[in-house]
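Asker: Take this structure first; my questions come after.
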Amino acid sequence: MAVCKVKTMKIALLVAFFGFIVLASNAQQGNNKLPQLGKSPVKSVIAAMTTAEKIKLLVGMGMKLPGASQGGAVGQTEDKVPGAAGTTFAIPRLGIPSLVVADGPAGLRISPVRGRDDSRTYYCTAFPVGSLLASTWDTALVKKAGMAIGNEVKEYGVDILLAPALNIQRNSLGGRNFEYYSEDPLISGSIAAAYVKGVQSNGVGTSVKHFAVNNQETNRMLINSILSERVLREMYLKGFEQVVKEAQPWTVMSSYNKVNGVYTSESRELLTDILRNEWGFKGFVMTDWFGGSSAAAQITAGNELLMPGTPEQEKELTNAAAAGTLNVKVLDASVERMLNIILRSPSFSKYKFSNNPGLTAHAAIARSIAAEGMVLLKNEQQTLPLKGTVKTIAAFGNTSYDFISGGSGSGDVNEAYTVSLIQGLAAAGYSLNEELKTFYETYIATAKAQRPKPKSFFELVPPVAEPETTGDMIDKMAKEADIAIITIGRNSGEFQDRKKEVDFYLSEVEKSLIKNVSAAFHRAGKKVVVLINTGGVVETASWRDNADALLLTWQPGQEAGNAVADVLTGKVNPSGKLAVSFPVKYEDEPSSKNFPGTELSKEDVIGVFGMSKGKPSEVRHGEGMYVGYRYYSSFGVQPAYEFGYGLSYTKFGFSKLKLSSRVFNGKLKITTTVTNTGNMPGKEVVQLYLGAPAKNLDKPAAELKGFAKTVMLRPGQSQVISFELDAKDLASYDEQKAAWVAEQGTYLVNIGSSSVRKEQKATFTVPAAIIAEKCSNRLVPQVLPDELRQKK
């Protein structure tokens, strides 16, 4: 009987086995008849998808967070490229691959090492941060950076880079200002468009972020930004409009916050009416990670991809589709937008990435860009470039030995190295005072060993406090060294905004260091240079008079020390210009009275992994249009260093300003001649500011409407710079007319080297008001408090 049972089981197994073969063969034949992405029309592929597949495509595969509860994972995580920010769902039966998306703005962020069985390293190039890129005022150079970054994206197997970030630097304390470009939308849009063109020239995508009005980290997931539609369109959407129209990024990332009461990821007016219907955006929109509150509302609004993706979102969409509250046409339209981008991706073309991008060449590019974007703030008695008599340098300040290449969080890069200041100076042939070097390196190592380890890569560990230096030590350095260099460092990142004390303002120890070193070196007849190694603005007015020269290095990427040395020695003549104003004091900031807003609840809202999303809050943009230089110029407030400011080792003159007509007739061409009147080669940034009549609409005194960087001009050499203005350049958004309107009257053209240093002036007239573009009012606040109404 037992034998009979065994035989019966064997027969059953054989039948099952051959049955499986037949079924597999039939399935394969069925697959051959199914539409395939790239071989069949996209709509045919969508028609072949199940509702479940459509929903899975729109919900990311989840993510892992080391150290978090539940094993640190949410959703169906997939590490196609370890350290990447996320992936999308693949549907092999229809030929739909998974996409890989990864941070970030200053270079690709992935894991540099991949476990015991892989001895290779996967480092990426840390490029200068956004503040420095914007300070180059050079779109061709930024495009070159984008091309290099895009090469690393492609060769490391990533499809879409989560960058660039172009939110307005509304307030100096913004924690992610280092990722952003400027207080001005034209600079922001121009730099971002160049970055996108560079990256996407490699056949990979970008995701411009954070759309929109994401100007702070405090309560960023729950903050409601309240502002007028005019301010929204002219200040906070304008840069995004430019990058969409000029560069067509593959994707846009919606922001965490609400705008006038609605989450941006759930705002159909923002994502469909404005982004797609008005501006002509062709790609898809993804959320910021865990952003928004309703998955169904996000898809309905025009936010296709929910990242990183959670089981709860998938369940909500499934229930909504079954109940009919999520329209099948909306679902299909979202899927179609995603498939159109997937068709363009390296993953779809099965690109055989090398894991070997051109890191050496990219480091050289990062070095040249870093030097190009540093801003010389002060240079008394030609302290810089360093003279041939300077041989030995006394380097003060922790950051001289621990230079900051970039910010933290998703804007960080896992680079192979960072060249410190002392390394860069040594490579340039200078001797560093060894006693001082040993003092700082020993102190820093000891202090770092005592710091608690960060709970996650997002957490910014407290900086090492500046040590006390004795008068005897400083006096000794003044005798032994030829010059002193003091470095002041600042860092910031996601999740928290900066502080006023010992961040925006220097600590008392730092100010004493600058004062005491300057006094000792000046008594010895020697000079002092202060380097500001930061991603954002710091106060300078209270201590700058002590130093002979100030160089704003920003956070210049992994070649930091070499790039600083290039500028200090004169190998590179500085040509960077500020893309953000430096106030005399924090209270001069036009947004200081209402940043970072008001908390509406004392209770934290808890999100995934038990992490706090912050408190429900609101921030009222009481300054309206008057952000940065628009405020300082209009209300006669003197900044410490104005927008557009930056010195050179040579001098420039402006001449021959010409307007194609004194009466505007649709287009206006403006030309000027720039001449190097100094004694060494250099570059100048020519800036065009326009003052418009304010008959029906309140206007700032002047607004940047064009800029151009010259070529390297030899002493005595000139270059003609041309600008062209159209009606939209002249226009402001009139909420009553729901249109961009160029008012009738006289317009003032200013050409110069900063928002204050205006070298040439001319006027032209607009005989009658011009409707430059007709729109429909969108995102109108239900209530606009009196303090938000434009008053000058």
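The values are calculated or read from the model by the stated rules, or taken from the named source; none is laboratory data. Bear in mind the structure is a predicted one, so any value in this text is a computation, not a measurement. So basically every Cβ, Gly included, is an ideal-geometry build from the backbone, and we count neighbours across all protein chains shown. All accessible areas refer to the heavy atoms of the entire protein, side chains included, with ligands and DNA or RNA removed. Shrake-Rupley method; radii C 1.70, N 1.55, O 1.52, S 1.80 Å.
Asker: Can you tell which of Leu377, Phe707, Val564 lies farthest toward the positive end of the dipole of the chain, using +1 and -1 charges on the Cβ of basic and acidic side chains (Lys, Arg; Asp, Glu)?
Answerer: Among Leu377, Phe707, Val564, the one farthest towards the positive end of the dipole of the chain is Phe707.
Asker: Here's a follow-up. Share of antiparallel DSSP beta bridges in the chain, in percent to the nearest 5?
Answerer: Antiparallel bridges make up about 60 percent of those DSSP assigns within the chain.
Asker: Determine how large the accessible area of Lys515 is when every protein chain is in place; take a 1.4 Å probe and give Å² rounded to the nearest 10.
Answerer: Around 120 Å² of this residue is reachable by solvent.
Asker: Further question on the same structure: Using a ≥ b ≥ c from the Cα gyration tensor of region 662-755 (square roots of the eigenvalues), is it rounded, prolate or oblate, where a/c under 1.5 gives rounded and otherwise the larger of a/b and b/c decides, a/b for prolate?
Answerer: Prolate, since a/c reaches 1.5 and a/b exceeds b/c.
Asker: Moving to a separate point now. Through the Karplus equation 6.51 cos²θ - 1.76 cosθ + 1.60, θ set to phi - 60°, convert the phi angles of region 254-261 into ³J(HN,Hα) values in whole Hz; use x for Gly and Pro.
Answerer: Whole-Hz 3J(HN,Hα) from phi for region 254-261: 6, 8, 6, 6, 8, 10, 6, x.
Asker: Okay, next question. Pulled fully out, how much extra length does the chain show between Lys651 and Lys282, if you take 0.36 nm times their separation in residues and subtract their Cα-Cα distance?
Answerer: In short, 128.3 nm is gained.
Asker: Here's something else I'd like to know. Of Tyr631, Tyr180, which has the most accessible area and how do the rest follow, probe 1.4 Å?
Answerer: Working: Tyr631 60, Tyr180 5 Å².
Sorted descending by solvent-accessible area, the residues read Tyr631, Tyr180.
Asker: What is the local net charge at Thr251, summed over the other residues whose Cβ is closer than 14 Å to its Cβ (Lys, Arg +1; Asp, Glu -1)?
Answerer: Taking every Cβ under 14 Å from that of Thr251, the sum is +1.
Asker: Work out the charge dipole of region 223-381 with +1 on the Cβ of Lys and Arg and -1 on the Cβ of Asp and Glu about the Cα centre, then indicate which of Thr251, Val285, Thr360 is farthest towards its positive end.
Answerer: Result: Thr360, furthest along the dipole toward the positive end.
Asker: Under a 5 Å amide H to amide H cut-off, with H placed in plane at 1.01 Å, what residues pair with Ala85 once short-range neighbours are removed?
Answerer: Distant-sequence amide H within range of Ala85: Val101, Ala102, Asp103.
Asker: Lys499 to Val780: extension gain in nm, 0.36 nm per residue of separation minus the Cα-Cα distance?
Answerer: Result for the pair: 98.0 nm of gain on full extension.
Asker: Over region 612-657, give the accessible area per residue in Å² for a 1.4 Å probe, as an integer.
Answerer: Roughly 33 Å² per residue, with all protein chains present.
Asker: Within region 225-253, what residues put their amide N at less than 14 Å from the label point 7 Å along the Cα-to-Cβ vector of Asp698?
Answerer: Hits in region 225-253 for Asp698 at 14 Å: 227-232.
Asker: In what order, largest first, do Lys705, Lys658, Lys585 sit by accessible area if the probe radius is 1.4 Å?
Answerer: Lys658, Lys585, Lys705
Asker: Would you please give the FRET efficiency between Thr121 and Arg344, computed as 1/(1 + (r/R0)^6) with r the Cβ-Cβ distance and R0 = 25 Å, to the nearest 0.05?
Answerer: With R0 = 25 Å, the Cβ-Cβ based efficiency is 0.25.
Asker: Given a 1.4 Å probe and heavy atoms of the protein chains only, how would you sort Asp475, Asp138, largest accessible area at the top?
Answerer: Asp475, Asp138
Asker: Shifting gears a bit: Ignoring ligands, DNA and RNA, what percent of the 1.4 Å accessible area of region 248-341 is carbon and sulfur? Don't skip to the end; give the middle numbers.
Answerer: Working: 1510 of 2990 Å².
Accessible surface attributable to carbon and sulfur in region 248-341 totals 50 percent.
Asker: With a/c under 1.5 counting as rounded, go ahead and sort region 497-557 into rounded, prolate or oblate using the C-alpha gyration tensor (a ≥ b ≥ c being the square roots of the eigenvalues; past the cut-off, prolate if a/b is larger than b/c, else oblate).
Answerer: oblate
Asker: Another question, if that's okay. Taking the Cα centre of the chain as origin and charging only Cβ (+1 Lys, Arg; -1 Asp, Glu), how large is the dipole, in debye to the nearest 20?
Answerer: Charge dipole of the chain: 1940 debye, to the nearest 20.
Asker: What angle, in degrees between 0 and 90 and rounded to the nearest 10, separates the Cα long axis of helix 328-342 from the longest principal axis of the Cα atoms of the chain?
Answerer: It is inclined by approximately 60 degrees.
Asker: Could you please state how large a percent of the accessible area of region 508-622 is carbon and sulfur, counting protein chains only and using a 1.4 Å probe?
Answerer: Carbon plus sulfur share of accessible area: 47 percent.
Asker: Here's a follow-up. Rounded to the nearest percent, how much of the accessible area of region 133-223 (1.4 Å probe, protein heavy atoms only) is carbon and sulfur?
Answerer: Reported share for carbon and sulfur atoms: 51 percent.
Asker: Which FRET efficiency value, to the nearest 0.05, do you get for Ala323 and Thr470 by plugging their Cβ-Cβ distance into 1/(1 + (r/R0)^6) with R0 = 56 Å?
Answerer: My answer for the efficiency is 0.15.
Asker: Next question, about the same structure. Taking the 0 to 90 degree range and rounding to the nearest ten, how far is the long axis of helix 471-480 tilted relative to the main principal axis of the chain, both from C-alpha atoms?
Answerer: The helix 471-480 is inclined about 80 degrees to the chain.
Asker: How much area per residue is accessible in region 121-181 when the probe is 1.4 Å and only protein heavy atoms are counted (Å²)? Write out the running numbers ahead of the final one.
Answerer: Numbers: 890 Å² over 61 residues.
On a per-residue basis, 15 Å².
Asker: Go through region 487-494 residue by residue and turn each phi into a ³J(HN,Hα) via Karplus (6.51, -1.76, 1.60, θ = phi - 60°); whole Hz please, and just put x for glycine and proline.
Answerer: So the Karplus estimates, Gly and Pro as x, are 10, 10, x, 9, 9, 7, x, 5 Hz.
Asker: On a 0 to 90 degree scale, rounded to 10, what angle separates helix 560-569 from the longest Cα axis of the chain?
Answerer: Helix 560-569 sits roughly 20 degrees off the main axis of the chain.
Asker: Something else: Specify, per residue and in Å³, the volume enclosed by the convex hull of the alpha carbon atoms belonging to region 575-677.
Answerer: For region 575-677, the hull spanned by Cα atoms encloses 231 Å³ per residue.
Asker: Next question, about the same structure. Just the accessible area per residue of region 314-404, please: how many Å² with a 1.4 Å probe? All intermediate terms of the calculation are to be shown ahead of the outcome.
Answerer: Working: 4150 Å² over 91 residues.
Here the residues of region 314-404 average 46 Å² of exposed surface.
Asker: Under the rule of at least 5 residues apart or a separate chain, name every residue whose amide H is placed under 5 Å from the amide H of Val285.
Answerer: When sequence neighbours closer than 5 places are left aside, the close amide H contacts are Val252, Glu304, Leu305.
Asker: Another question about this same structure. For region 479-545 and region 571-648, what is the separation of their Cα centres, given in Å?
Answerer: Centre-to-centre (Cα) distance: 21 Å.
Asker: Right, here's the next one. Compute the length gained on full extension between Lys387 and Glu508: take 0.36 nm times their separation in residues and subtract their Cα-Cα distance, giving the result in nm to one decimal.
Answerer: Contour length minus Cα-Cα distance gives 40.4 nm.
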